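First the structure, in the form of structure tokens, and then the observations on it.
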Amino acid sequence: MQNSEVFILAIESSCDDTAAAVLHNDKVLSNVVANQLIHNQYGGVVPELASRAHQQNIVPVIDAALRKANVQKEQLTAIAFTQGPGLMGSLLVGSSFSKSLSLALKIPLIAVNHMHAHILAHFIDEEGFDKPEFPFLALTISGGHTQIVKVNGFFEMEIIGETTDDAVGEAFDKSAKILGLPYPGGPLIDKYAKLGNPKAFAFTKPKVPGLDFSFSGLKTAILYFIQKEKLKNPNFIDENLNDICASIQYTIIEILMDKLKLAVKETGITQIAIGGGVSANSGIRTRLKESEAKYGWKTFVPKFEYTTDNAAMIGIVGYQKYLSSRFETSSVVSKARIQF
């Protein structure tokens, strides 16, 4: 279905951020996100509190996105929403609103896989950012996922490596918790790592065959290391925080890069794109860019605002699905776990 004036309203509510975006074809006109600070005091996302906050935020966020884009709801061509994966209560808020609005406006409804959106965010028309060509390898790294995906087309993707236990985002956050840092701790590790020596402390990399990952053993090793050092020096963390964070981050990045190098060797594909919340990490972004000169790769790092959960990435998938008339009826259901 071709239309030069496609306006997509996209809604994202998979976890604790309520987001709405308006796209004109593949260009973002607005991308609004409401964060839920209430979870910080609990050290993680509380699902029931998240769904309640989504109910409070969804109308103001969508209204703000439409106003910022200077688009009337009557101009909308279709509505795209996150079907899954995510927290069921949170997903239901977004899907219910999307269904109702699509029925009221009599426009198509488009369901989007959240993880596909992290990958396809690279196809948003953004000045100064190149788009990868098919096929390419995507490293999707977030609080819940760590995957290497072979991307042959917009709707042709194959997971060739994934975590066998914890995701990389959880490894960052749990390590931060061990260090006594507040939630979310991943960005704080990144912040302090810039000031430290990445070779100060050595952590053993897990030996996992093939392209799969494992981070549970690394978390345990970090815990035991900190406990041991604190017995010798109760002020160990305070006196060495920057070096500890730098060493943890260095080890995690080494694990990711080792698997990427193996994936390139096995597939022969040298175009690498990253996506997901952890791709906001400055160390990972820098290391990936350095690999262009070192390994001859062509790498793609998304604009910072398209890394963490946002609706613009939902909208670009919605646009591509609109072009091929991949629509849903109001009977479509949200899924906490969804087939990739």
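Has region 67-74 got at least one residue that is out of contact with any helix residue (DSSP H, G or I) (no Cβ under 7 Å at 6 or more places or on another chain), in contact (Cβ under 8 Å) with a residue 60 or more places away in the chain, open to solvent by 20 Å² or more (accessible area, probe 1.4 Å) and of a type in the set (D, E, K, R)? Checked against the condition, which is being out of contact with any helix residue (DSSP H, G or I) (no Cβ under 7 Å at 6 or more places or on another chain), in contact (Cβ under 8 Å) with a residue 60 or more places away in the chain, open to solvent by 20 Å² or more (accessible area, probe 1.4 Å) and of a type in the set (D, E, K, R), region 67-74 yields no hits at all. Evaluation of Ala263 against the conditions (1) in contact with a Gly (Cβ under 8 Å, 6 or more places away or on another chain); (2) open to solvent by 10 Å² or more (accessible area, probe 1.4 Å) shows that the sole unmet condition is (2). The set of residues from region 95-140 being of a type in the set (Gly, Ala, Ser) and either more than 30 Å from Leu256 (Cβ to Cβ) or part of a strand (DSSP E or B) (or both) comprises Ser95, Ser96, Ser98, Ser100, Ser102, Ala104, Ala111, Ala138. Applying the condition of being of a type in the set (D, E, K, R) and touching a residue at least 24 places away in the same chain (Cβ under 8 Å) to region 230-281 and asking which residue is nearest to Pro187 (Cα to Cα) yields Asp243. Per the conditions (1) under 14 Å from His118 (Cβ atoms); (2) surrounded by fewer than 23 Cβ atoms within 10 Å (Cβ to Cβ), the sole criterion not satisfied by Asp258 is (1). Among the residues of region 198-229, those identified as free of Cβ contacts under 8 Å to residues at least 12 places away in the same chain and open to solvent by 90 Å² or more (accessible area, probe 1.4 Å) are Lys207, Pro209, Tyr224, Gln227, Lys228. Among residues of region 320-340 that are of a type outside the set (A, V, I, L, M), those with a Cβ under 7 angstrom from a residue that is assigned to a loop (DSSP other than H, G, I, E, B) and open to solvent by less than 60 Å² (accessible area, probe 1.4 Å), sequence gap 6+ or separate chain, pair up as Gln320/Phe154; Tyr322/Val6; Tyr322/Thr77; Tyr322/Pro108; Phe327/Pro108; Lys335/Pro85; Arg337/Pro85.
Here are some residues: Ala78, Ala104, Ala111, Ala121. Which one is at pLDDT 95 or above and surrounded by fewer than 15 Cβ atoms within 10 Å (Cβ to Cβ)? Steps first, please.
On the way: Ala78 fails: surrounded by fewer than 15 Cβ atoms within 10 Å (Cβ to Cβ); Ala111 fails: surrounded by fewer than 15 Cβ atoms within 10 Å (Cβ to Cβ); Ala121 fails: surrounded by fewer than 15 Cβ atoms within 10 Å (Cβ to Cβ).
Of Ala78, Ala104, Ala111, Ala121, the one residue that is at pLDDT 95 or above and surrounded by fewer than 15 Cβ atoms within 10 Å (Cβ to Cβ) is Ala104.
Quick check on region 124-140: of everything there that is of a type in the set (A, V, I, L, M, F, W, C) and touching an Asp or Glu at 6+ places or on another chain (Cβ under 9 Å), which residue is least open to solvent (accessible area, probe 1.4 Å)? Selected residue: Ile124. Of the residues that sit in region 266-282 and are surrounded by 18 or more Cβ atoms within 10 Å (Cβ to Cβ) and in a helix (DSSP H, G or I), which one is nearest to the chain's Cα centre (by Cα)? Across region 266-282, the extreme among qualifying residues is Gly277.
The values are calculated or read from the model by the stated rules, or taken from the named source; none is laboratory data. Remember, predicted model here, so these are calculated numbers, not experimental data. Ideal geometry is used to build each Cβ from the backbone, glycine not excepted, and the neighbour counts take in all protein chains shown. Please note that ligands, DNA and RNA were not included when accessible areas were found on the heavy atoms of the full protein model with its side chains. Shrake-Rupley method; radii C 1.70, N 1.55, O 1.52, S 1.80 Å.
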